[in-house]
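For reference, the structure discussed in these notes is given below.
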Amino acid sequence: MLSAWEAALGSRAEALHPRIREYVRAVPTGFVGRGEGVFTEAGSSSTVLRPALRLAARWGIAFAERGASIPFTIENRGDARGAVRARRELRFPERRRVMVDLVREQRGRVVDALGRGGRLEAALRVGVRDGALTARSGAVRVRLGRLWWRVPAPVRPTVCLVERWDESVGRQHVDVSVTLPGFGRIYGYHGWFDYAVEPDLQGRGAHG
């Protein structure tokens, strides 16, 4: 079974660094991909967007805090269709924040449903650059009640992701940035983590 990332990448997955290739593989039933590391920087410097980020934090989409050297963990679980459910927990000095998302493949792209209940969806164009996994969002939609609202391009945020392996230190690095037309970079996080797939002793508990 292919993961959503593998299905969207197709033959390009072979160009990934071997450790990133392992990272994007489907997590077998009964196992969990677990990582632990540090975000060297995380959050947003925008005070204007702080209320929106607080709301997003309530839904498990983002966080309103800002900090450096923030410890975090990630758990990835797969399903029979190749979807990947992720749970990230960030330990800020004042509180812990949890972000959840569900990644699935759809017509050659990755669709990332963010937050509890998948309130926000972003279609991602995936690729490989120098062995790293890259992704950039296109269409974004938000669920308001029972209706979906497609965010117009002039006000649509763009999410960029890079997952790479650093041979010099033997660790995986992640960089996520969110930009907004007229504002530039408004939010993001980057750092390193160690990752391994292991038996899921917690069972098949669903997060988010």
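Name the strands (runs of 3 or more DSSP E) wholly within the stretch 1-94 that hold at least 3 residues that are of a type in the set (Lys, Arg)?
Values: elements: 31-43, 67-78, 84-91.
The qualifying strands (runs of 3 or more DSSP E) are 84-91.
Looking at the stretch 113-122, which of the residues that are open to solvent by 20 Å² or more (accessible area, probe 1.4 Å) and assigned to a strand (DSSP E or B) is farthest from PHE63 (Cα to Cα)? First the steps, then the outcome.
Looking only at the stretch 113-122, we keep the residues that are open to solvent by 20 Å² or more (accessible area, probe 1.4 Å), and these are 114, 116-117, 119-121.
Narrowing the set further to residues that are assigned to a strand (DSSP E or B) leaves 114, 120-121.
On the way: LEU114: 13, LEU120: 15, GLU121: 17 Å.
The extreme case among them is GLU121.
Which is open to solvent by 20 Å² or more (accessible area, probe 1.4 Å) and more than 21 Å from VAL197 (Cα to Cα), of ALA80, ALA68? It would help to see each step written out before you state the result.
Numbers: ALA80 fails: more than 21 Å from VAL197 (Cα to Cα).
Of ALA80, ALA68, the one residue that is open to solvent by 20 Å² or more (accessible area, probe 1.4 Å) and more than 21 Å from VAL197 (Cα to Cα) is ALA68.
If the requirement is being touching a Cys at 6+ places or on another chain (Cβ under 8 Å) and among the aliphatic types (A, V, I, L, M), which of these qualifies: VAL128, VAL155, VAL176, VAL100?
Values: VAL128 fails: touching a Cys at 6+ places or on another chain (Cβ under 8 Å); VAL155 fails: touching a Cys at 6+ places or on another chain (Cβ under 8 Å); VAL100 fails: touching a Cys at 6+ places or on another chain (Cβ under 8 Å).
Of the residues listed, the single one that is touching a Cys at 6+ places or on another chain (Cβ under 8 Å) and among the aliphatic types (A, V, I, L, M) is VAL176.
With GLY108, GLY131 as the choices, which residue is over 15 Å from the mean Cα position of the chain (by Cα), touching a residue at least 12 places away in the same chain (Cβ under 8 Å) and open to solvent by less than 20 Å² (accessible area, probe 1.4 Å)? Give the steps one after another, and end with the answer.
Details: GLY108 fails: open to solvent by less than 20 Å² (accessible area, probe 1.4 Å).
Every option except GLY131 fails the conditions.
When residues of the stretch 83-113 are filtered for being modelled with pLDDT under 95 and more than 20 Å from GLY188 (Cα to Cα), how many remain?
Going through the stretch 83-113 one residue at a time, the tally reaches 4.
Looking only at the stretch 95-112, which residues are in a strand (DSSP E or B) and within 21 Å of LEU2 (Cβ to Cβ)?
Of the residues in the stretch 95-112, the ones in a strand (DSSP E or B) are 96-106, 109-112.
Those that are in a strand (DSSP E or B) and within 21 Å of LEU2 (Cβ to Cβ): ASP101, LEU102, VAL103, ARG104, GLU105, GLN106, ARG109, VAL110, VAL111, ASP112.
Name every residue in the stretch 79-108 that is out of contact with any helix residue (DSSP H, G or I) (no Cβ under 6 Å at 6 or more places or on another chain) and acidic (Asp, Glu), in order of residue number.
ASP79, GLU89, GLU94, ASP101
Check off (1) under 21 Å from GLY82 (Cβ atoms); (2) in contact (Cβ under 8 Å) with a residue 40 or more places away in the chain; (3) open to solvent by 80 Å² or more (accessible area, probe 1.4 Å) for ARG125 and give me the number that stays unchecked.
Condition not satisfied by ARG125: (2).
Please go through the stretch 36-62 and pick out each residue that is over 29 Å from VAL142 (Cα atoms) and either open to solvent by less than 60 Å² (accessible area, probe 1.4 Å) or among the hydroxyl-bearing types (Ser, Thr, Tyr) (or both).
We begin by selecting, within the stretch 36-62, every residue over 29 Å from VAL142 (Cα atoms); these are 36-38, 40.
Residues satisfying the conditions are GLY37, VAL38, THR40.
The values are calculated or read from the model by the stated rules, or taken from the named source; none is laboratory data. What you see is a predicted model, and the numbers here were worked out from it, not measured in a lab. We place every Cβ from the backbone using ideal geometry, glycine too, and count neighbours over all the protein chains shown. For accessibility, only protein heavy atoms count, side chains too; no ligands or nucleic acids. Shrake-Rupley method; radii C 1.70, N 1.55, O 1.52, S 1.80 Å.
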